[in-house]
1. Going by alpha carbons, how many degrees (0 to 90, nearest 10) lie between the helix axis of 29-39 and the longest principal axis of the chain?
2. Can you put 180, 72 in order, fewest other beta carbons within 10 Å first?
3. Taking the chain as the reference, fit the longest principal axis to its C-alpha atoms, fit the long axis of helix 41-53 to the helix C-alpha atoms, and give the angle between the two in degrees, 0 to 90, nearest 10.
4. Rounded to a whole number, what is D in µm²/s for the chain from Stokes-Einstein with the Kirkwood radius over alpha-carbon pairs (10 °C, 1.306 mPa s)?
5. Label residue 177 and residue 87 with points 7 Å out from Cα along Cα→Cβ: what is the distance between them in nm?
6. Taking the DSSP beta bridges in the range 137-209 as the whole, what percent of them are antiparallel, to the nearest 5?
7. FRET efficiency for residue 37 and residue 199, Cβ-Cβ distance as r, R0 = 22 Å, nearest 0.05?
8. Considering only DSSP beta bridges with both partners in the chain, what is the antiparallel share in %, to the nearest 5?
């Protein structure tokens, strides 16, 4: 394709599009809400998902975070981000909080990965196996948090030889403009393309070179 993407080798990975983060009653929603409003994150994710679905055969992968009672109580070494999640019992497995937001949820044919417990989706799921099975070489990654799971996963994808696309407007992190700028610097370092949703979808619609 003129964009540099090869037809039949592009996939979309969506990270943590669950009620905890995207529904108003989610425990983490207040952390993200100002950025969602400023960037139009939720509407942009809807547009991104709908646009990708128009390309028959382009796989969509969904990844979630979930912790059990045993996780909350038994981990010996708990990092700072996990301490915040554990203290507030975020992403409690088997509850409404870890269900996908109804406007952003997977459909039949999408790949729903096992929940990840760390930041890097590659290290905690069968994502790479699923990508290889579908011949994905160009991986676009969206969702939250842009300075945690999204960046960690993008970095590993880059190091494993994938072409990585990140988004300026379909990824968010708590902390306002200063954090957003840091997120963009980080994503630009580990990605091959950092674009808005409209530009990404337009590139998919370009005729084959």
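1. It works out to around 30 degrees.
2. Ranked by crowding around the Cβ, least crowded first: 72, 180.
3. 50 degrees
4. Taking Rh from Cα pairs, D becomes 92 µm²/s.
5. About 2.9 nm separates the two model spin labels.
6. Once the DSSP bridges in the range 137-209 are tallied, antiparallel ones form about 0 percent.
7. 0.55
8. 5 percent
Any read-out appearing in this document is the output of simple, stated calculations on the displayed coordinates, not a laboratory observation. No experiment lies behind these values; they were computed from the predicted model shown. For neighbour counting, all protein chains shown are included, and Cβ atoms are generated from backbone atoms with ideal geometry for every residue, glycine included.
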